[in-house]
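Comments concern the structure below.
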Amino acid sequence: MMFNTCDMRKLNLPGWNLEQCNGNLLTRKRAYHTAVLWEGVLYLWGGQTEAVKELAMYDCKRKEWRNVEVEPTERGMFVNKMPSLNYHVAMGYEGHMWLHGPKGLCRMSFTTFAFEDIDPATPTEPTERHAHSAALSHHHWYIFGGLNDEKWHLDDLWRFNIPQRIWEPIDQKPVPGVRVDASLMHTAMEAVRGNLFLLGYKRGLNMMKGEVSNGVVRWEMEEMPYARTGLAVASSDKRLFMFGGYEATGHDSWYRYSIDGKVWVRLQPNGFSPSQRSGHTLIHNPDTSLLYLFGGFNASGTLNDLYVISSK
């Protein structure tokens, strides 16, 4: 594994931009929330925030914030499976934001903002959990680990077939010498080109890479520049981008990982950089090749700033 330092000023590449946008003062502070991009709009939900039932939306083209108060409507809306406001996972799929948390699976329409519970087609499904990680790959949603109600660390991997609404446990077979340890506190999971990447362990400079085939994933261990929790990761084609995190203190380091070359590069953008933080979100817009970093938490408290940088 190789680690390099790249000064973006020497390469004449753009740096971070703090977005100046309409309605910014109305955007609530959030940490450990979820963020989903759908048709050029960034949707923020939940987290450690005062906006208990407020959905925040950012129009990336207009650079404009809008907030919507979500209210219960018909049966199933927030009754038994209201999405947990902390440490849940979310994805965008076919006009809906899908969420999974301690009370199960539900989804919200991007047009009506109505929630509905999603019951699996079979009785088999993951146990209740929070603080887990998830990744979308084509028509499958993978979730890994988390904490149960007794605060026990989980290390199981599940795959949800979205069109068929079927949960399937995935058998994990690490290569010799590799141990998938839930107590290591992973922080993020990404799916890129048929591979799953687990990042952000609390102990050890480890990143787990696994290819799923015939209901089995074979994990391999790769190095990371640092071991931290609360970091944010986004993928862009053959690369991973990683910012921040926490281990004894907050960090503001910015890294790019080449999946083919297996090389981590620490980027040093021109100008200022987002402050140290954890519990933030990082979302890639493939249409514009821009990365959006929002919120999180540091020594000054919960944040609501939005930064943008090019992934090129």
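Residues in segment 79-118 that are among the hydrophobic types (A, V, I, L, M, F, W, C), open to solvent by less than 30 Å² (accessible area, probe 1.4 Å) and either modelled with pLDDT under 65 or in a strand (DSSP E or B) (or both): V89, A90, M91, M97, W98, L99, L105, C106, M108, F115. Of all residues in segment 249-264, exactly one satisfies the criterion of being exposed (fewer than 13 other Cβ atoms within 10 Å of the Cβ) and under 20 Å from T281 (Cα atoms), namely T249. Quick one: would you say H132 is at pLDDT 85 or above, under 21 Å from G47 (Cβ atoms) and not basic (K, R)? When the stated conditions are applied, H132 passes them. Residues in segment 124-149 that are of a type in the set (G, A, S), within 28 Å of V68 (Cα to Cα) and in a strand (DSSP E or B) were compared, and the one that is most open to solvent (accessible area, probe 1.4 Å) is A134.
A121 - would you say it is among the aliphatic types (A, V, I, L, M) and exposed (fewer than 15 other Cβ atoms within 10 Å of the Cβ)? In short, yes. When segment 150-168 is examined, which residues are found to be part of a loop (DSSP other than H, G, I, E, B) and open to solvent by 40 Å² or more (accessible area, probe 1.4 Å)? If the condition is that a residue be part of a loop (DSSP other than H, G, I, E, B) and open to solvent by 40 Å² or more (accessible area, probe 1.4 Å), then E150, K151, W152, P163, Q164, R165 are the ones that fit.
Taken as a whole, segment 234-248 holds at least one residue that is open to solvent by 40 Å² or more (accessible area, probe 1.4 Å), of a type outside the set (A, V, I, L, M, F, W, C), closer than 23 Å to G146 by Cα and out of contact with any Cys (no Cβ under 9 Å at 6 or more places or on another chain). Scanning segment 218-233 for residues that are in contact (Cβ under 8 Å) with a residue 60 or more places away in the chain, in contact with a Phe, Trp or Tyr (Cβ under 8 Å, 6 or more places away or on another chain) and open to solvent by less than 60 Å² (accessible area, probe 1.4 Å), we see that the one that is farthest from T187 (Cα to Cα) is P225. Taken together, the criteria place W38 among residues that are surrounded by fewer than 18 Cβ atoms within 10 Å (Cβ to Cβ) and either farther than 19 Å from Y142 by Cα or at pLDDT 85 or above (or both).
Of the strands (runs of 3 or more DSSP E) lying entirely inside segment 245-312, those containing at least 1 residues that are β-branched (V, I, T) and out of contact with any helix residue (DSSP H, G or I) (no Cβ under 9 Å at 6 or more places or on another chain) span 263-268, 281-285, 301-310. The residues in segment 274-312 that are open to solvent by 50 Å² or more (accessible area, probe 1.4 Å) and more than 17 Å from the chain's Cα centre (by Cα) can be counted, and the count is 6. Within segment 43-66, residues that are within 15 Å of F110 (Cα to Cα) and aliphatic (A, V, I, L, M) have Cβ atoms under 7 Å from residues that are assigned to a loop (DSSP other than H, G, I, E, B) and open to solvent by 40 Å² or more (accessible area, probe 1.4 Å) in these pairs: A56/R28, counting only partners at least 6 apart in sequence or on another chain.
When T49 is tested against the conditions (1) outside any loop (DSSP other than H, G, I, E, B); (2) modelled with pLDDT under 80; (3) surrounded by 21 or more Cβ atoms within 10 Å (Cβ to Cβ), the lone failure is (1).
The values are calculated or read from the model by the stated rules, or taken from the named source; none is laboratory data. Fair warning: this is a prediction, and the values are worked out from it, not measured in the lab. Note: ideal-geometry Cβ built from the backbone for every residue, glycine included; neighbour counts use all protein chains shown. Just so you know, the surface numbers come from the protein's heavy atoms only, side chains and all, with ligands and any DNA or RNA stripped out. Shrake-Rupley method; radii C 1.70, N 1.55, O 1.52, S 1.80 Å.
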